[in-house]
Each structure stands twice: as C-alpha cells, then as structure tokens.
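**Q** Quick one: the structure is below, questions incoming.
Readers should treat all values here as calculations from the given coordinates under stated rules, not as data from a laboratory. From a predicted model like this one, the values you see are computed outputs, not experimental measurements. We place every Cβ from the backbone using ideal geometry, glycine too, and count neighbours over all the protein chains shown.
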2 protein chains.
Amino acid sequence: MEKVRIIEVKESIFADNDREAARLRAGLKREKTFLLNLMSSPGGGKTTLLKRTIEALKDELRIGVLEADIDSAVDAEKIAATGVKTIQLHTGGMCHLDAGMTEKGLKELGTADLDLVVLENVGNLVCPAEFDTGAVKNAMILSVPEGDDKPLKYPLIFTVSDVLIINKIDVLPHFDFDLDKVKEYAHLRNPKLEIFPLSAKTGEGMTAWLDWLRRQVRDWTQTD
Amino acid sequence: MEKVRIIEVKESIFADNDREAARLRAGLKREKTFLLNLMSSPGGGKTTLLKRTIEALKDELRIGVLEADIDSAVDAEKIAATGVKTIQLHTGGMCHLDAGMTEKGLKELGTADLDLVVLENVGNLVCPAEFDTGAVKNAMILSVPEGDDKPLKYPLIFTVSDVLIINKIDVLPHFDFDLDKVKEYAHLRNPKLEIFPLSAKTGEGMTAWLDWLRRQVRDWTQTD
C-alpha cells in the first residue's frame, strides 16, 4: 500500500472564507473536478460509505480523497488501500475545515486529472456545517444508531446539506428509529434535501446514491 | 410535566477558563454538590443513560440536570419527565460549554439543595474536551455503533475523561466492535480511565457505573 501523505492544515490564511470558497469552486469548474464535502458524526460511517462508493465508481471516474482528522491516519490508510489518490489532512485539534484548508489539501492532491474529489470532513455535526469548504455539494450521513431526533438538535448541518444519507439501515430492527419521522424532521429544516436510506456495509440502497453522485459529477464536468 | 426553562449561554465573560473552573469547583465543594460533565458523540446515548441513572438514584440523592444543546429542548423535556430539576442551556451554535457558561446554568438551577448535578454537554467528541467546565469528574460515552477506533481518532476526550462508558453493548452482535481493543486503545490515551461497558437501554452493566457514581458523590459531599 502506498504510504499516506499527511498535511498539517491548522492555520488558514484567508479571512473571508465565503469569497475564498467561491473562488475555489470556480477553479474546480474550470478544471472539471467535482468536489464533494462529506460530513457526519464520529462513527457515522463516512469511511465505509466512501470505500464502497470508490469501489463502485473507480472504473468510470478518476477519484481522489482528502481525509481530514484531528489526529491519526487510520481512515486515510483504509481509503488508500482502494488504490485512489489519498491525502491525510491534520487539523491540529480544530473540528472543521474551511476553504483555505481545503485548497491546501487539493493542491497537494493535484486535481488536474481527477473527475471527483471527496473531502471526508472531521466527524462532527456542528462546526463543519459552519464553513463553506468550496465543495460543489455537501452530503451528510446520519446513522440509525444516532437516533431520529438529530435534525431537531443539529439544525444547521441539515440546512446546509444537499444530500442526507441515512446509513446503517441494516440495524433498523435493533433500534427505535422512525425513518418517516426523520425524513419529516429533515425536510422541515431543508425541503430540498435529497434523502438516501442505505447500508454501506451490506450495499442495500447504494444504487440511488451512486446514481445521484454520477449525475452530479457529469453535470459539473461536462463542457458547456 | 414542568415546563423546561431555557437559558442562553453563548457568551462567556471569563477570559481565564481554567482559573474560573477551579473557582467553580471550590464553590461546589463548599456547597457539597458534585458536578459530573457527561460527553459523547451525537446519539451516543447521553440522555438515555442519564434517565436510567436518575431513576436508579433519585430516592437516595437530590439530583439536578443542565442540558446543553445548540438548539431545541428535546432532551431537557425527556429529563424533566423524570421529576428532577432541569435547565436547558442553549449555546447559540457553539459546540462546547466553558466554566462561565456552566456557572450561569448552575446559578439558574440553584445548587444549595442538590447532591448531584449532571451537565449533559453538547454532542461532540472534539470541542467539549478542550474546556474545563468546573465539573468534579468528566465522563464520556462511546457507543458500540461508533466503532472501536475512536480513541485513536479523538485522543483528547479520552485523555481528559475520568470514566469511559461503552454504551449500547446490547447491539454488539450486530457490529464489528472489539471491546478488548477499545479498552487497550483508551488506556494508551489514559491509563487511569475507568471503563464501564453497559446498555442504558436494557440495563445490563449499569450496577458498576452506579456504584462508581455513588462513591464519587459520597466522597465529594461528605464532611471532612
């Protein structure tokens, strides 16, 4: 396995994050690279979903991954094992990534020959939602064991996400989790939110999510 | 059910948090009130554990609860239903509580007639670990569905906690979670960490946790 490169990104040099994020997105459009920001709680299943997604799409798309973590390279090593280009970003204790930190990671990764880059954000439902990373779309995972009341308790992340993946549906029988209720709560926060219930572990429900992602990458990278 | 009072605590007036936390703890010692800071990821099971704990101890201890949340009063209403004094703290988007915010909550709650106050911190494994709230002890929950690699990925919270509760052991058969491995990883971060595997839902393993908590409250509140 290729050794994972680790980049320290704790200091961002840009004061105006929103402007920097917009500039970053415009550059990605010119390069025909789609950047997806993937957020969830710790243990929500970001890395497993990402591995499954890469395995399904790597023959049709050129994929790269930015793995953000407070510390360790546990996830980056798992992703690098799939064979895609992977960079580990260390936030030095910070619980989010902003556009400047993301740009630094993208430069290290090199995006010219990539169709899709996934930024696996720090496991957290609060801080990552507060910063535009420059991603084209934001996806979040809520996993069944976390409970169906999370859209009430962490409203912002549901508001800023384009996609809600409800992961670990294979364990639905073992938890008090009302799928209809969580969809209703989530749509109260964000009526346009697209919702995909799935199990990254068993593969159930992955098709709808993969179709959505394929369509997004195609729309973003096609020549006007 | 008593209506839950909601307090906004987003601004702390104290610059030196560590000194303020020490001052708060000294005041709690004089008042013979034990303050427990309870931390976990979103959906780790803080509220369910707290409900169970209150039900087990409310005839022997006078208990109060500070419920911290970004938004909503979902948890505070569940706790107030147990009959104990409960205050909802709204952090206004912030993902932690510091000593000044905690003190404001304690003043609203009134601690003179309480033996035990539990502060249910914001669901997050990063920011809450960075601030001393003034609590006598820190307890954290890691739930089985979150995975056994979390001590590697979120080191600080394991380092600053006195107790690690491994919750949701009733679903161990449905997840790849190595209990021995997580104990080993957690003790690498903090050799003194006391670890209680339990299920707040089924009640399995609760006795050891309750015994520990009883002993802590007794040691703190007894007259020297």
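**Q** Assuming R0 = 22 Å, what is the FRET efficiency of A:R218 and A:R19, from their Cβ-Cβ distance, to the nearest 0.05? Please report the intermediate quantities before stating the final value.
**A** Details: r = 28 Å, r/R0 = 1.27.
According to the calculation, E is roughly 0.20.
**Q** Please list, ordered by chain and number, the residues whose modelled amide H lies under 5 Å from the amide H of A:T86; skip anything fewer than 5 residues away on the same chain.
**A** Placed amide hydrogens put A:V65 under 5 Å from A:T86.
**Q** When averaged across all projection directions, what area in nm² does the alpha-carbon convex hull of chain B cover?
**A** Values: hull surface 47.1 nm².
Average projection, Cα convex hull of chain B: 11.8 nm².
**Q** Let me ask something else. Please identify every one of the GluC sites (Glu not before Pro) in segment B:156-224 that sits in a loop by DSSP and has no more than 15 other beta carbons within 10 Å of its own beta carbon.
**A** Values: sites: B:E184, B:E194, B:E204; in loops: B:E204.
Hits after loop and neighbour filter: B:E204.
**Q** Compute the projected area of the convex hull of the Cα atoms of segment B:100-150, averaged over all viewing directions, and report it in nm² to one decimal place. Working shown, then result.
**A** On the way: hull surface 18.2 nm².
Mean shadow area of the hull around the Cα atoms is 4.6 nm².
**Q** Students often forget the sequence filter, so: which lysines lie under 16 Å Cα-Cα from B:K181 once same-chain residues fewer than 8 apart are removed?
**A** B:K150, B:K153
**Q** Now, a different point. In what order do B:D98, B:D132, A:D170 fall by count of nearby beta-carbon atoms within 10 Å, going from fewest to most?
**A** Working: B:D98 23, B:D132 20, A:D170 17.
Final ranking by Cβ density, sparse to dense: A:D170, B:D132, B:D98.
**Q** Give me the net charge for the shell around A:N167: Cβ to Cβ below 15 angstrom, other residues only, Lys and Arg +1, Asp and Glu -1. Please list the in-between numbers first.
**A** Numbers: positive: A:K46, A:K51, A:R52, A:K150, A:K168, A:K183, A:K201; negative: A:E120, A:E146, A:D148, A:D170, A:E194, A:E204, B:E146, B:D176.
Residues close to A:N167 contribute a combined charge of -1.
**Q** OK, next. Roughly what angle does helix B:17-31 make with the longest principal axis of chain B, taking Cα atoms, 0 to 90 degrees, to the nearest 10?
**A** 70 degrees
**Q** Now for a separate question. For chain A, modelled as a GNM with alpha-carbon contacts under 10 angstrom, which of A:G44, A:G92, A:G123 fluctuates the most?
**A** A:G92
**Q** Take the residue pairs A:K58/A:K107; A:K51/A:K201; B:K78/B:K201 and return only those whose Cα atoms are more than 18 Å apart.
**A** The pairs that break the limit, which is 18 Å between Cα atoms, are A:K58/A:K107.
**Q** Right, next: Which of the trypsin sites (Lys or Arg not before Pro) found in segment A:121-211 are in a DSSP loop and have at most 11 neighbouring Cβ atoms, other than their own, within 10 Å?
**A** Numbers: sites: A:K137, A:K153, A:K168, A:K181, A:K183, A:R189, A:K192, A:K201; in loops: A:K168, A:K192, A:K201.
Here the sparse-neighbourhood loop sites are A:K192.
**Q** Okay, moving on. Between A:T202 and A:A81, how many nm apart are label points set 7 Å from Cα along the C-beta direction?
**A** 2.3 nm
**Q** Out of every Cα-Cα pair in the protein assembly as shown, what percent are more than 33 Å apart? Mind dumping the intermediate values first?
**A** Numbers: 34293 of 100128 pairs.
Summing the P(r) tail past 33 Å for the protein assembly as shown gives 34 percent.
**Q** Starting from a label point 7 Å past Cα on the Cβ side, list the distances from B:D178 to the same position in the other copies, nm, shortest first.
**A** Result, one decimal in nm: 4.0.
**Q** Given the options B:P173, B:P151, B:P42, which has the most mean-square fluctuation in a GNM of chain B, springs set between C-alpha atoms less than 10 angstrom apart?
**A** Largest GNM mean-square fluctuation: B:P173.
**Q** Every other copy gets compared here: list the nm distances from the B:P191 label point (7 Å along Cα to Cβ) to its counterparts, shortest first, one decimal.
**A** When each copy's label point is compared with this one, the spacings are 6.0 nm.
**Q** Quantify how strongly other chains surround peptide A:94-103 by giving the mean number of their Cβ atoms within 10 Å of each of its Cβ atoms.
**A** That works out to 1 on average.
**Q** Also, quick follow-up: Where the only charges are on Cβ atoms (+1 Lys, Arg; -1 Asp, Glu), what is the dipole of segment B:5-218 about its Cα centre, to the nearest 20 debye?
**A** Values: 29 positive and 34 negative charges, 126 e Å.
That gives segment B:5-218 a dipole magnitude of about 600 debye.
**Q** Right, another one. If you draw the axis that swings chain B onto chain A, which residue of B has its Cβ closest to it, and how far is that in whole Å?
**A** Residue with the nearest Cβ, plus whole-Å distance, for chain B: B:P145, 2.
**Q** Here's something else I'd like to know. Among A:R62, B:R52, what is the fewest-to-most ranking by other Cβ atoms within 10 Å? Before the final figure, lay out each step's value.
**A** On the way: A:R62 15, B:R52 21.
In order of increasing Cβ crowding within 10 Å: A:R62, B:R52.
**Q** What does the charge count near B:D178 come to, summing +1 for each Lys or Arg and -1 for each Asp or Glu among other residues with Cβ under 14 Å from its Cβ? It would help to have the intermediate numbers written out before the result.
**A** Numbers: positive: B:K150, B:K181, B:K183; negative: B:E146, B:D148, B:D149, B:D176, B:D180, B:E184.
Around B:D178, the charge tally is -3.
**Q** What ranking do B:T47, A:T133 get, fewest neighbouring Cβ atoms within 10 angstrom at the top?
**A** Numbers: B:T47 23, A:T133 29.
The fewest-first ordering by Cβ neighbours comes to B:T47, A:T133.
**Q** Could you state the angle between the C-alpha long axis of helix B:46-57 and the longest principal axis of the C-alpha atoms of chain B, as a value from 0 to 90 degrees rounded to the nearest 10?
**A** Computed tilt is about 70 degrees.
**Q** When each copy gets a label point 7 Å from Cα toward the beta-carbon at A:K107, what are the spacings between them in nm, shortest first?
**A** Reported distances to equivalent positions: 4.7 nm.
**Q** Follow-up question, since we're still on this one. Would you mind checking the tilt of helix B:99-109 against the longest principal axis of the Cα atoms of chain B, expressed as 0 to 90 degrees and rounded to 10?
**A** It works out to around 70 degrees.
**Q** What GluC sites (Glu not before Pro) does segment A:30-110 have in DSSP loop regions with at most 14 other beta carbons within 10 Å?
**A** Within segment A:30-110, the qualifying GluC sites (Glu not before Pro) (loop, at most 14 other Cβ atoms within 10 Å) are A:E60.
**Q** A further question follows. For chain A, modelled as a GNM with alpha-carbon contacts under 10 angstrom, which of A:D69, A:D162, A:D178 fluctuates the most?
**A** A:D178
**Q** Over all residues in B:166-173, what is the mean tally of Cβ atoms on other chains that come within 10 Å of each residue's Cβ?
**A** Average neighbour count from other chains, rounded to a whole number: 1.
**Q** Here's another thing I want to ask about it. How much mean residue ellipticity at 222 nm does the protein assembly as shown get from its helices, if each DSSP H run of length 4 or more adds -39500 (n - 2.57) and you divide by all residues, to the nearest 500 deg cm²/dmol?
**A** Numbers: 16 runs with 164 residues, N = 448.
Computed ellipticity for the protein assembly as shown at 222 nm equals -11000 deg cm²/dmol.
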